[in-house]
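What follows is one structure encoded as structure tokens, with my remarks underneath.
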Amino acid sequence: MKKSLVISNVGRLVTMEPKKGRQGRLGVIEDAVLLVEGEHIAWFGTRSQWMKRRRNVADEFDVAGGVVTPGLIDCHTHLVHAGSRQNEFLLRSYGKTYQEIAKAGGGIMSTVRDTRKTSYDDLYRISSERADEFFLRGTLAVEVKTGYGLDVATELKMLDVIRTLKDNHPIRFFATFLGAHVVPAEYKKKRKDYVRLIIEKMMPRVARLELCKFCDVFVEDGAFTSDEARAIAKAAAKFGMRMRLHVDQFGNGKGAELASELKAVSADHLDHVSDKGIEALRRSGTVAVVLPGATFFTGGKHYAPARKMIDKGVKVAVSTDYNPGTHPSVDLITTATIAVTQMGLTLDEAWAGITVNAAASLGIASDCGTISQGKRADLVVFDAPDEYYPMYRYGRNLAAAVVKKGRAQWLDEYYNV
Ligand SMILES: [Zn+2]
């Protein structure tokens, strides 16, 4: 028989599914109880409904009136990497641009150099500590890209780290192969050879690991062209990987149109997407992943038109884009706050962006992202009067407990278990 766990004394249960008998756009149930069986949600309702059907359940976790939401989902990160780019932040504060720093050997290539020379053990240790930072803020599913190796050995080293994290860390990880992040310095004059290396040498090895559900390409001036992305996507399809694309970040490169042409699960960044691009995303059902933290941290003024995309019927997810250069923060709630203040999302839309829509962008909406019977009981308890308060008090971590794999735990005890 499956182990049962009752989550009791829930002040507000945020189901993310508005229905009759629930409040508002987030489908909130007040004074609620939730029953977990094994690792899944077996039942939830009000306390009085629970009293009527009450039965003996050995384990009870009293959340002291807290707000319970689905585990947060961060669907675009570069979690695994070595080194820091703090010096670039300093340079930018003196007026240097991201592109100038990259041209002078900084940017992504500086992280590539650090990641290449770091041992597997050190890379795993650093990444695992970083994963703890996500976890302690209630982020329970995280997409992680490669792309700081850009040679066969280091790309595989990064994937090994992701696999070990998957096996050992409570977060649920999804790996994306991003060999096409930038053309590495040693291939600058022979970029065709690098694309060939990705397709002929890296992808078969990556596919053999059966670890990556996704393949990503950074389509931008200075990175990869649309035609190169098409060639890589063709190979990815052969290996059973779906595309997610970095597009339209620094200028309009018709990246959204490309993402829908390639039937990508997501098109990410989109700061400069055109109306045509938005229409293409709507038609293909590609999820728009907006990364307002990166625009914010690099001092950009041009945020992705997320408000317009939602109004046009595009599904919008919000993610940190956690990375050492353009957004070195794991704070998904603060990122959601930026989406509200700078992109015009409502707080309800921001919540959808970090739960249900983020799940859709990873193809896992059928088993997480909302609180529904049969879905995984991956839950966060916020020590807050309601679900909007954490985004209001952005920067302060109000995640107090998590439920994961049928177990509940207070986060202040995380390092003691
Ligand atoms: Zn990125």
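The values are calculated or read from the model by the stated rules, or taken from the named source; none is laboratory data. None of the values given here were measured: they were computed from a predicted structure. When we count neighbours, we look across all protein chains shown, and the Cβ atoms used for this are built from the backbone with ideal geometry, even at glycine. Quick note on the areas: whole protein, heavy atoms, side chains included, nothing else; ligands and nucleic acids left out. Shrake-Rupley method; radii C 1.70, N 1.55, O 1.52, S 1.80 Å.
Pick out the one residue from A104, A42 that is open to solvent by 60 Å² or more (accessible area, probe 1.4 Å) and either modelled with pLDDT of 95 or more or not aromatic (F, W, Y) (or both).
Every option except A104 fails the conditions.
Do we find that I126 is within 30 Å of D412 (Cα to Cα) and either of a type in the set (V, I, T) or touching a Pro at 6+ places or on another chain (Cβ under 9 Å) (or both) in this structure? Walk me through it before giving the result.
On the way: within 30 Å of D412 (Cα to Cα): yes; either of a type in the set (V, I, T) or touching a Pro at 6+ places or on another chain (Cβ under 9 Å) (or both): yes.
Considered against the rule, which asks whether it is within 30 Å of D412 (Cα to Cα) and either of a type in the set (V, I, T) or touching a Pro at 6+ places or on another chain (Cβ under 9 Å) (or both), I126 comes out as yes.
What's the total number of residues in the stretch 294-323 that are within 12 Å of the ligand (Cβ to nearest atom), open to solvent by less than 10 Å² (accessible area, probe 1.4 Å) and either in a loop (DSSP other than H, G, I, E, B) or modelled with pLDDT under 95 (or both)?
3
Can you tell me which residue is farthest from the ligand (Cβ to nearest atom) among those in the stretch 324-334 that are in contact with a Leu (Cβ under 8 Å, 6 or more places away or on another chain) and in a helix (DSSP H, G or I)?
For the stretch 324-334, the residue satisfying everything is I333.
Go through (1) open to solvent by 10 Å² or more (accessible area, probe 1.4 Å); (2) touching an Asp or Glu at 6+ places or on another chain (Cβ under 9 Å) for A358 and report which single condition fails.
Only one criterion in (1) open to solvent by 10 Å² or more (accessible area, probe 1.4 Å); (2) touching an Asp or Glu at 6+ places or on another chain (Cβ under 9 Å) is unmet by A358, namely (1).
For the structure I just gave you, tell me whether V67 is free of Cβ contacts under 8 Å to residues at least 60 places away in the same chain, more than 16 Å from the ligand (Cβ to nearest atom) and aliphatic (A, V, I, L, M).
Considered against the rule, which asks whether it is free of Cβ contacts under 8 Å to residues at least 60 places away in the same chain, more than 16 Å from the ligand (Cβ to nearest atom) and aliphatic (A, V, I, L, M), V67 comes out as no.
Which residue, of G65, G21, G11, G83, is within 30 Å of M158 (Cα to Cα) and open to solvent by 10 Å² or more (accessible area, probe 1.4 Å)?
G83
Quick one: which helices (runs of 4 or more DSSP H) lie wholly within the stretch 161-238 and hold at least 2 residues that are in contact (Cβ under 8 Å) with a residue 40 or more places away in the chain and farther than 29 Å from A131 by Cα? Don't jump to the end; show me each part of the working.
Details: elements: 191-196, 203-209, 226-238.
In the stretch 161-238, 226-238 are the helices (runs of 4 or more DSSP H) which contain 2 or more residues that are in contact (Cβ under 8 Å) with a residue 40 or more places away in the chain and farther than 29 Å from A131 by Cα.
Would you check if there is a residue in the stretch 342-349 being crowded, with 22+ Cβ neighbours inside 10 Å and either in the same structural domain as S319 (by TED's automatic domain parsing) or part of a loop (DSSP other than H, G, I, E, B) (or both)?
yes
Please indicate, with yes or no, whether at least one residue in the stretch 77-91 is in contact with a Gly (Cβ under 6 Å, 6 or more places away or on another chain) and within 16 Å of the ligand (Cβ to nearest atom).
yes
Take the stretch 178-211 and flag every residue that is farther than 24 Å from H76 by Cβ and open to solvent by less than 50 Å² (accessible area, probe 1.4 Å). Reasoning before the result, please.
We begin by selecting, within the stretch 178-211, every residue farther than 24 Å from H76 by Cβ; these are 185-193, 196-197, 200-201, 204, 208.
Result: Y187, L197, P204.
Go through the residues of the stretch 230-239 one by one and say whether even a single one is within 17 Å of the chain's Cα centre (by Cα) and assigned by TED's automatic domain parsing to the domain that holds H181.
No: zero hits.
Quick check on the stretch 112-121. Is at least one of its residues touching a His at 6+ places or on another chain (Cβ under 6 Å) and either under 22 Å from F214 (Cα atoms) or not in a loop (DSSP other than H, G, I, E, B) (or both)?
Looking for residues that are touching a His at 6+ places or on another chain (Cβ under 6 Å) and either under 22 Å from F214 (Cα atoms) or not in a loop (DSSP other than H, G, I, E, B) (or both), one finds at least one in the stretch 112-121, hence yes.
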